[in-house]
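Shown next, in structure tokens, is the structure this report addresses.
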Number of protein chains: 2
Amino acid sequence: MGNLADVLRARGYKVTGPRQQVFDALEGTEKPLSPYEIQNLLQEEDSFLNHVTIYRILDLFSRLGLAHRVLSNSGFVKCNLPGQEGCHRFVICRCCGSVQEFADKELCRKEKSFALDCGFHAESHLSETLGLCAKCYGRRDEKTTI
Amino acid sequence: MGNLADVLRARGYKVTGPRQQVFDALEGTEKPLSPYEIQNLLQEEDSFLNHVTIYRILDLFSRLGLAHRVLSNSGFVKCNLPGQEGCHRFVICRCCGSVQEFADKELCRKEKSFALDCGFHAESHLSETLGLCAKCYGRRDEKTTI
DNA sequence: GGCCTAAATGCAATATTGTTGCATTTAGGC
DNA sequence: GCCTAAATGCAACAATATTGCATTTAGGCC
């Protein structure tokens, strides 16, 4: 079925229960999840994974481009835009915490050439925009959270 | 003399030894410093600050726009571009760890309008480009560090 | 100059997050 | 079913961050 099993096998990694569970957890949410949050989530479903295992799985997912770490709140999100080649652009709602990843070749190119102007050879790029999503902007009188 | 004392007084904060020391530490380096790195640095000069104090000072500096946290390596740098209004653009060398902050109104504007296209009301923006600075690019055969 | 008070710092205890080394289990090829 | 490298578990620890409260100090006042 899946994305995950295919990617793992294609790169010579084993398809295991824990890996599938972490992947499912990431897929089931629009908010970034920290390793320990993933552990808690799974525990609610009566499934226990050692936190070390989760760290190692997330590390693998990052290397495989299956997940990315959002730095502003140090959680992981599933990558929906394969092949972005080290250019990751997130929009993060500071109220509900939801995250979306976007791609924009134009901005990416500009960012790199801009760096080069300063004698800097860009390899990868991370962009995080904080604000309010449409939903939270609508009811923005309520107190903010993040 | 100072930037720091002026800003503190202008906003009703006291000018203290610890604040001056942390500020000086940030000023004396081109690499981002974590709270504990700052503590170690000061200790080498036989000056001890409790880490809680350093955390609180860095927090204050962030709120006052005197320092920014670089997320890629979770260290703080002194802000050299006052009035950027929540738009921070860093270039980080993954070899020597040096960081430079830049401003580009154009990119900043694009980023925001781009977010708006997705129904997202941007408030602040963070951009971190990883790569090699001119110096490290020159001798890039040597092993990389960060 | 000394006095006073709110602000700043120190300190201890604790919580959270991340890492390492090694024992045990398991996926997947035979 | 067996075998082995890979994956996971586990325990111990290291690093980072937070909280509440006691103590000290900057700066306004006389």
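The values are calculated or read from the model by the stated rules, or taken from the named source; none is laboratory data. Bear in mind that the values here come from a model prediction, so they are computed numbers and not experimental data. Please note: Cβ atoms are built from the backbone with ideal geometry, for glycine as well, and neighbour counts cover all protein chains shown. Heavy atoms of the whole protein, side chains included, go into the accessibility calculation; ligands, DNA and RNA do not. Shrake-Rupley method; radii C 1.70, N 1.55, O 1.52, S 1.80 Å.
Pairs, please: C-beta under 9 Å, at least 6 apart or cross-chain, first residue more than 16 Å from B:ARG109 (Cβ to Cβ) and in segment A:102-117, second part of a helix (DSSP H, G or I)?
Cβ pairs passing all conditions: A:PHE102/B:PHE114; A:PHE102/B:ALA115.
Considering (1) modelled with pLDDT under 90; (2) surrounded by 13 or more Cβ atoms within 10 Å (Cβ to Cβ); (3) not assigned by TED's automatic domain parsing to the domain that holds A:TYR13, say which one A:LYS105 fails and leave the rest.
(2)
On the basis of being at the interface with chain A (Cβ under 10 Å from one of its Cβ atoms), within 28 Å of B:CYS136 (Cβ to Cβ), modelled with pLDDT under 90 and open to solvent by 60 Å² or more (accessible area, probe 1.4 Å), does B:GLU111 make the cut?
So B:GLU111 fails the test.
Please count how many residues of segment A:8-39 are more than 10 Å from DNA strand D (Cβ to nearest atom) and outside any helix (DSSP H, G or I).
Here the count works out to 7.
Please verify whether segment A:82-97 includes one or more residues that are within 10 Å of chain B (Cβ to nearest Cβ), open to solvent by 20 Å² or more (accessible area, probe 1.4 Å) and over 20 Å from the mean Cα position of the chain (by Cα).
no
Can you find, within segment A:43-68, the residue that is farthest from the other protein chains (Cβ to nearest Cβ) among those that are without any contact (Cβ under 8 Å) to a residue 24 or more places away in the chain and more than 14 Å from A:PRO18 (Cβ to Cβ)?
A:ASP46
Within segment B:114-136, how many residues turn out to be more than 7 Å from chain A (Cβ to nearest Cβ) and open to solvent by less than 30 Å² (accessible area, probe 1.4 Å)?
First, pick out the residues of segment B:114-136 that are more than 7 Å from chain A (Cβ to nearest Cβ): B:116-117, B:135-136.
Next cut, open to solvent by less than 30 Å² (accessible area, probe 1.4 Å) only: B:136.
Of the residues in segment B:114-136, 1 are more than 7 Å from chain A (Cβ to nearest Cβ) and open to solvent by less than 30 Å² (accessible area, probe 1.4 Å).
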